[in-house]
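Student: Input: one structure, supplied below.
The values are calculated or read from the model by the stated rules, or taken from the named source; none is laboratory data. These numbers come from a predicted model, not from an experiment. Cβ: placed from backbone, ideal geometry, glycine included. Neighbour counts: every protein chain shown.
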């Protein structure tokens, strides 16, 4: 069996090969693409994460689909932030294609420009791949930490990259200011309440505090920047996430299974809300 780290490296290499062919700008992020100097953990992940210049996303997806990569989920169904789509290849495994990164998405094109401007190069699977600067890698890990873990102000790794004695701290904070990413840093530091007036406040609150599905959808609607975006989310909220259902069932859902899920979701949502409120009363 091919070791996971080797397979992920080849997935990075395969995506880079297609990006080079199509003239697409990509940055390899997280996992094995992260330099040891700023890596938070030894785990390398099970998929290749790639951040794509927003205006180049469509071209890369066409190339992936033409070369044996199959879509597992879409940007809309992959996460509350709508930031990444997952593709799978029979030989190379999984790749997450990011059109932006949560917490660094105030202006996705400007963010990519800033990260691209100071990019470094590292070999992955024997292919030269562009990665963000060390400060950029650290900031992406901070944003990823906020999304997956929540507030961890006492994490020793944060002191390594943000503490006064860190040689990277000034560069990371300069990038935070440049990208308007202070909310995600404060989310990790347990200081999210400083941003109650920020459009993404409720989305980060439900993310870091592991809110209910109902709270998540309300937060997503609040975070939408346009009326059209809010209406679109309202329309989608009651619909079945077929990609998620397919993953859960392990096969393509039948019409009956989709229909059953459509009527079962509201019941589960009400049960989840009731249990959350009961726990809240007990804690109070």
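Student: Do we have residue 71 as in a loop (DSSP other than H, G, I, E, B) and assigned by TED's automatic domain parsing to the domain that holds residue 138 here?
Tutor: no
Student: Out of everything in segment 201-249 that is under 27 Å from residue 107 (Cβ atoms) and assigned to a loop (DSSP other than H, G, I, E, B), what residue ends up being modelled with the highest pLDDT?
Tutor: That would be 209.
Student: Here's a follow-up. On the given criteria, is residue 252 modelled with pLDDT of 70 or more, surrounded by 17 or more Cβ atoms within 10 Å (Cβ to Cβ) and either more than 29 Å from residue 100 (Cα to Cα) or not assigned by TED's automatic domain parsing to the domain that holds residue 134 (or both)? Break it down stepwise before answering.
Tutor: On the way: modelled with pLDDT of 70 or more: yes; surrounded by 17 or more Cβ atoms within 10 Å (Cβ to Cβ): no; either more than 29 Å from residue 100 (Cα to Cα) or not assigned by TED's automatic domain parsing to the domain that holds residue 134 (or both): yes.
Answer is no for this residue.
Student: Can you pull out the residues in segment 78-96 that are in contact (Cβ under 8 Å) with a residue 60 or more places away in the chain, closer than 17 Å to residue 33 by Cβ and assigned to a strand (DSSP E or B)?
Tutor: 93, 94, 95
Student: From the residues in segment 26-43 that are touching a strand residue (DSSP E or B) at 6+ places or on another chain (Cβ under 9 Å) and over 15 Å from residue 101 (Cβ atoms), which one is surrounded by the fewest Cβ atoms within 10 Å (Cβ to Cβ)?
Tutor: Going residue by residue through segment 26-43, those that are touching a strand residue (DSSP E or B) at 6+ places or on another chain (Cβ under 9 Å) are 26-35.
Then drop every residue that is not over 15 Å from residue 101 (Cβ atoms), which leaves 32, 35.
Details: 32: 21, 35: 14.
Result: 35.
Student: Could you list all residues from segment 97-116 that are more than 15 Å from the chain's Cα centre (by Cα) and either crowded, with 20+ Cβ neighbours inside 10 Å or free of Cβ contacts under 8 Å to residues at least 12 places away in the same chain (or both)?
Tutor: The initial filter retains those residues of segment 97-116 that are more than 15 Å from the chain's Cα centre (by Cα), namely 107, 109-110, 113-116.
Residues satisfying the conditions are 113, 115.
Student: Give me the residue from segment 44-61 that is touching a residue at least 12 places away in the same chain (Cβ under 8 Å) and surrounded by fewer than 15 Cβ atoms within 10 Å (Cβ to Cβ) and, out of that set, nearest to the chain's Cα centre (by Cα).
Tutor: Looking only at segment 44-61, we keep the residues that are touching a residue at least 12 places away in the same chain (Cβ under 8 Å), and these are 44-57, 59-61.
In the following step, the residues that additionally are surrounded by fewer than 15 Cβ atoms within 10 Å (Cβ to Cβ) were identified as 46, 55.
On the way: 46: 14, 55: 18 Å.
Per the stated criteria, the residue is 46.
Student: Here is a follow-up. Look through 137, 66, 70 and report the one residue that is touching a residue at least 12 places away in the same chain (Cβ under 8 Å) and more than 17 Å from residue 45 (Cα to Cα). Give the steps one after another, and end with the answer.
Tutor: Details: 137 fails: more than 17 Å from residue 45 (Cα to Cα); 66 fails: touching a residue at least 12 places away in the same chain (Cβ under 8 Å).
Being touching a residue at least 12 places away in the same chain (Cβ under 8 Å) and more than 17 Å from residue 45 (Cα to Cα) holds for just one of 137, 66, 70, which is 70.
Table: residues versus (1) within 19 Å of the chain's Cα centre (by Cα); (2) modelled with pLDDT of 95 or more; (3) assigned by TED's automatic domain parsing to the domain that holds residue 100; (4) surrounded by fewer than 16 Cβ atoms within 10 Å (Cβ to Cβ).
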| position | (1), (2), (3), (4) |
| --- | --- |
| 118 | no, no, yes, yes |
| 128 | no, yes, yes, yes |
| 133 | yes, yes, yes, no |
| 137 | yes, yes, yes, no |
| 145 | yes, no, yes, no |
| 149 | yes, no, yes, yes |
| 159 | no, no, yes, yes |
